[in-house]
Each structure stands twice: as structure tokens, then as C-alpha cells.
Amino acid sequence: MSSHEAGSLHAQGQAPAWLEVPEDVNALLTPIWPATAFKPDQVGDAAAKGVLQVGGLTVAQIAEQVGTPAYVIDETDFRSRAQAFAAEFERAFAHLAGAHVHYAAKSLITVGIAGWLAQDGLAVDVCSGGELEIVLRGGILPQRITFHGSNKSDEELAQAMDLGVDLIVIDSLAEIDQVARLAAAGGWEPPVMLRCSIGIEAHTHEFIATSHEDQKFGLSVADGSAMAGVRRVLEHPALRLRGIHTHIGSQIFDTEAFRHAISRMARLTAQIEREHDLVLPELGLGGGFGVPYTTGHDPAGPAEIADGMAGYLERECRAEGIAVPHVTVEPGRAIAGPAGITLYTVGTVKPVTLDGGFTRLYVSVDGGMSDNIRTALYGADYSATLASRYSTAPPQLARVVGKHCESGDIVVKDEYLPADIAAGDLLAVPVTGAYCHSMSSNYNAIRRPPIVSVKDGLLTVLVRRESMDDLLARDLYA
Ligand SMILES: *Cc1c(COP(=O)(O)O)cnc(C)c1O
């Protein structure tokens, strides 16, 4: 650890408002760590004090088996979240027409994880031929798969229809004709939903309700495309219209946004049913349920979300005079996110003195934006903890950065870490289960980390670390 003048390193002026100076810099802040994670603080074996454990293994044991960086999934946490969403939506909608939970594979999917979902009875959403292949290999039945995407290829659509997937969610007028053409050629009669953009843009803490949305997804309700889409689907006898779908965004905490979406979707369903004298048996309400990445977030749990949506949908459908349709929701992040942590080894530690004498401690780890692009891409907030030992040093405001050639290569913008953090320490970043592995890259020809699951003291490698041969496998001059 570099030495410093008393006071300067501990200036708090530059910390974001939500970030409090911890009373004990070793402590895990509960809402953001997986179910089985803990740090023993009073144990006979002094060496275990303050060492992070997850799934019955210490981080040292995990690092010894697979090295760092590594994505570590708490299997108990992942599966209990998936089961809780499935059970709570089933319960809350039982007195209506029921509800199904479809896990959004794009948040995190491997063949092993698809196997958990298959065993636990969840349906799955995919949005590419690659995701489809992974979930099929994991044992998800085609009847439990929904195919999404805003620019599906003929090949992807034909494969999906040939397999008999449960549903194709159509995203544009052109895709209606594309699906109809392929269905006629293959002799298929695919059930379809139409994805609608309903003028609700949801962000973490607020949402905007407008009549228009300036983005690529879905058929706009405001400009008449959604109703035109319904007419066009009904003109194609091979297409079976099951209902309308919307997905208003991701990492949403504001339940008002979902209420607004339900209200608009119930009204639209009623309008379609009246105009065409039919019943739409299904309503897709998408995913986007927020998770806490830091102590600054406090989202509702699955029971509260399900009860809120069921109650509101029932009221809105009654007001519109229509039967309540069966509902699908598609959480990805809310299942995968909090179940995962990333384990890194600390390398270079560099205090950088800024204007006013404030010093920010830059803590470099052996990964970075290639294994977690969310900070650079969205300005996402994360937390971190010193995972491999107990420290008696005071809290120091730090920034966790990676080893890539970009100054935007930041993993954790702001966190208090023990001031004696040093090369060789293990650092853990929580809530990296969703959209980290699935968005990972080989930038700087960095080999992607393994994903391991841990449970009851056993470690399972779901996806191994990339080798130098993997890295060069497609380079025909290698
Ligand atoms: C991304 C996506 C989801 C999942 O979003 P989360 O924020 O991970 O819950 C669900 N449905 C659709 C259509 C999506 O594009």
C-alpha cells in the first residue's frame, strides 16, 4: 500500500450521494450478495476471518481450482430466484387465467444453466439461433421456447417453426410476411404474438410515457402499425394470433411504469378484440424487473411484483369489458443478476491525486470491460469487496479498473475498499450474473473467464476459461 498524508485519502467529497462510508469495510452489505455468500467474522481459525465464502467454498478455493477472473454462480440463489418467480406468478394469477414465467436467455445462458431451467420447469425466451441451440442442448423442450428478435433470419425462423417452438414474437410488418412465407413453404401454422411499442420508456428510477417511441423494437401503436399488423396477421391463414406483447425496458424499479404498460396493453387488446370479433388468449408483458447493484437500490420482490401486476390487470380488463388473458413475463436480470459474482485478482494499485488534494485509489484487476461492459456501456454502478482476507485498514474511496487499453475500462466507479488493498488480493464484485458473460468480448485479445457454479462445497465448471487455441481458432493464418 502506498503511504499517504493523513486525511487526504479519506476525503469523502468525491463519493456519490448514495455511497456511505462503511462502518466495517469488511462487511458484506446483504441485499447485493448471493444467498449463500458470507464472511465469517468470529471463527476459531483466524485465517478464515473475513474470507468470502459462496456455495460452501472460499474464494481462495475457487481461485485455486479455476484461477481468476472467474464468474461464479451461486446455484442455490439462481434456482431459488427462478422458482420464486415461477411460483409467485402462478399463485398471483391463479384466480385469473394464469401466468407463465419465461427466463430471458440473453441475460445469462449456458447448456448447464438451461438444464437447471428445464429441471425447474421454466420456459425460456431466446432471440437468436445460437441461444436456441444452447437451450435445446440443455433439454428445454421446443414447446417451452419463445423466439424473439428484431431482425430474425429466414434460417432462424424456419428452424424455430420446424422445431415447433411455442411462440414467435413478431417485431415488424415485414416480419409478418416473412413468417407467413416461410410457414406456407414448410407447412407450419405458427402461433405468433405481435410486439408493440406503446410509448413507455422506462429507466432505472423513472419512466417517460409518450405517444411515440423513437427506437427499433416493435410495432408502434401511435402510428397505427400495431393495428395494421393485426390486420395483416389475420390475412394470413397459417398464422395463429395469440396476442400482443410489450417489453418496456430493463432495470426498472418504478412499478408505475408497469401499471402504465398494463393499462395501455389491456386497452389495445380490447380494441383488437372488438374490431376483429375475436379473443386474444395471451398477453406478453416482458421483463425488466430491477435488481439492486448497490445499496442505493431497493426493488420489489417477485411476490409483490406479481400481486401488483395481477391486481392491476384484472381492474384494467374489467374496465375494458374483456376477459383477463393468460400472461407471460420474461425476467432475465432479476433471476441471473444477483446469483453471480466475479472474482478478480488485484494487480496495480495507484493513488491518483486530483484537484483539491482529493486522492482516488485506482485498483486494477485482471479482467475489466471484456468481462463486464455494463459500467462503460451504461454507466452502471457496482460494488466490490476485498474477498481474500480481513483488513484492519480504514476505508478508502477507490475505483476498480481493468487491464484494457481504455480509460473507460472501469468495473466499479466508486467503492470504499480497505486502504491496504494490494496486489495479490482477491476482489469480488457482486450482481454480475446477468449481462456480463453474455456481453463479454475478446477486446485486447483477452481470453474470456470461465463460468463456474458452486453449491454445497462443490464447484462445477459450466464453461471453461478460453485457451490461447480458442482465441486463435478462427484465425486461418495462426
Ligand atoms: C431483454 C428482454 C427481456 C429481459 O429483460 P431483463 O431486464 O433481463 O428482465 C425480456 N423480454 C424481452 C423481449 C427482452 O428483450
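Structure values in brief
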item	result
Boolean, Ala422 is surrounded by fewer than 23 Cβ atoms within 10 Å (Cβ to Cβ), modelled with pLDDT of 95 or more and away from the ligand (no atom under 16 Å from the Cβ)	yes
Single condition Phe147 does not satisfy, out of (1) away from the ligand (no atom under 16 Å from the Cβ); (2) farther than 26 Å from Cys317 by Cα; (3) aromatic (Phe, Trp, Tyr)	(1)
Evaluation of Ile168 against (1) within 13 Å of the ligand (Cβ to nearest atom); (2) under 21 Å from Ile262 (Cβ atoms) (one fails), failing number	(2)
Test: residue in the range 268-281 that is touching a Pro at 6+ places or on another chain (Cβ under 6 Å) and within 16 Å of the ligand (Cβ to nearest atom)	no
Total residues in the range 334-376, condition within 30 Å of Arg79 (Cβ to Cβ) and either without any contact (Cβ under 8 Å) to a residue 12 or more places away in the chain or among the polar types (S, T, N, Q) (or both)	5
Strands (runs of 3 or more DSSP E) fully within the range 102-199 counting 1 or more residues that are under 28 Å from Asn372 (Cβ atoms)	123-126, 145-147
Arg81 vs. criteria within 18 Å of the chain's Cα centre (by Cα) and either among the basic types (Lys, Arg) or not in a helix (DSSP H, G or I) (or both)	yes
Residue check for Ala63: under 14 Å from Thr345 (Cβ atoms), open to solvent by less than 30 Å² (accessible area, probe 1.4 Å) and not basic (Lys, Arg)	yes
Per-region count, the range 329-357, residues open to solvent by 10 Å² or more (accessible area, probe 1.4 Å) and more than 16 Å from the ligand (Cβ to nearest atom)	12
Selected residue (criterion: farthest from the ligand (Cβ to nearest atom)) from residues of the range 298-328 that are surrounded by 18 or more Cβ atoms within 10 Å (Cβ to Cβ) and of a type in the set (Gly, Ala, Ser)	Ala310
Qualifying residues in the range 118-131 (those that are within 15 Å of the ligand (Cβ to nearest atom) and within 20 Å of Gln159 (Cβ to Cβ)) - the one most open to solvent (accessible area, probe 1.4 Å)	Cys127
Top-ranked residue of the range 208-226 - restricted to ones that are open to solvent by less than 70 Å² (accessible area, probe 1.4 Å) and among the aliphatic types (A, V, I, L, M), ranked as farthest from Ser150 (Cα to Cα)	Ala209
Tyr103 being within 16 Å of the ligand (Cβ to nearest atom), hydroxyl-bearing (Ser, Thr, Tyr) and under 25 Å from Leu462 (Cβ atoms)	yes
Members of the range 429-449 found to be away from the ligand (no atom under 16 Å from the Cβ) and either crowded, with 24+ Cβ neighbours inside 10 Å or not assigned by TED's automatic domain parsing to the domain that holds Lys413 (or both), listed by number	Val429, Pro430, Pro449
Qualifying positions in the range 53-78 - in a helix (DSSP H, G or I) and of a type outside the set (S, T, N, Q)	Val59, Ala60, Ile62, Ala63, Glu64, Val66, Glu75, Asp77, Phe78
Residue that is nearest to the ligand (Cβ to nearest atom) [pool: residues in the range 88-100 that are open to solvent by 40 Å² or more (accessible area, probe 1.4 Å) and in a helix (DSSP H, G or I)]	Glu88
Selection within the range 224-263 - away from the ligand (no atom under 16 Å from the Cβ) and farther than 22 Å from Ala180 by Cβ	Glu256, Arg259, His260, Ser263
Index of the failed condition, Ala423 passing every other in (1) farther than 27 Å from Leu354 by Cβ; (2) out of contact with any Phe, Trp or Tyr (no Cβ under 7 Å at 6 or more places or on another chain); (3) assigned to a loop (DSSP other than H, G, I, E, B)	(1)
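Conditions (1) assigned by TED's automatic domain parsing to the domain that holds Gly301; (2) of a type in the set (Phe, Trp, Tyr); (3) out of contact with any strand residue (DSSP E or B) (no Cβ under 9 Å at 6 or more places or on another chain), marked per residue:
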position: Trp116; (1), (2), (3): yes, yes, no
position: Gln143; (1), (2), (3): yes, no, no
position: Asp166; (1), (2), (3): yes, no, no
position: Ala180; (1), (2), (3): yes, no, yes
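Conditions tested, residue by residue: (1) more than 26 Å from Gly332 (Cα to Cα); (2) assigned by TED's automatic domain parsing to the domain that holds Pro31; (3) buried (at least 19 other Cβ atoms within 10 Å of the Cβ); (4) at pLDDT below 95.
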position: Arg240; (1), (2), (3), (4): yes, no, no, no
position: Gly243; (1), (2), (3), (4): no, no, yes, no
position: Ala270; (1), (2), (3), (4): yes, no, no, no
position: Val279; (1), (2), (3), (4): yes, no, no, no
position: Gly290; (1), (2), (3), (4): no, no, yes, yes
position: Gly296; (1), (2), (3), (4): no, no, no, yes
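Yes/no per residue for (1) touching a helix residue (DSSP H, G or I) at 6+ places or on another chain (Cβ under 6 Å); (2) among the polar types (S, T, N, Q); (3) open to solvent by 40 Å² or more (accessible area, probe 1.4 Å):
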{"position": "Thr146", "(1), (2), (3)": "no, yes, no"}
{"position": "Asn151", "(1), (2), (3)": "no, yes, yes"}
{"position": "Glu155", "(1), (2), (3)": "no, no, yes"}
{"position": "Leu167", "(1), (2), (3)": "no, no, no"}
{"position": "Ile170", "(1), (2), (3)": "yes, no, no"}
{"position": "Ala174", "(1), (2), (3)": "no, no, yes"}
{"position": "Asp177", "(1), (2), (3)": "no, no, yes"}
{"position": "Ala180", "(1), (2), (3)": "no, no, no"}
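The values are calculated or read from the model by the stated rules, or taken from the named source; none is laboratory data. What you see is a predicted model, and the numbers here were worked out from it, not measured in a lab. Reconstructed Cβ throughout: ideal geometry from the backbone, glycine too, with neighbour counts over all protein chains shown. Heavy atoms of the whole protein, side chains included, go into the accessibility calculation; ligands, DNA and RNA do not. Shrake-Rupley method; radii C 1.70, N 1.55, O 1.52, S 1.80 Å.
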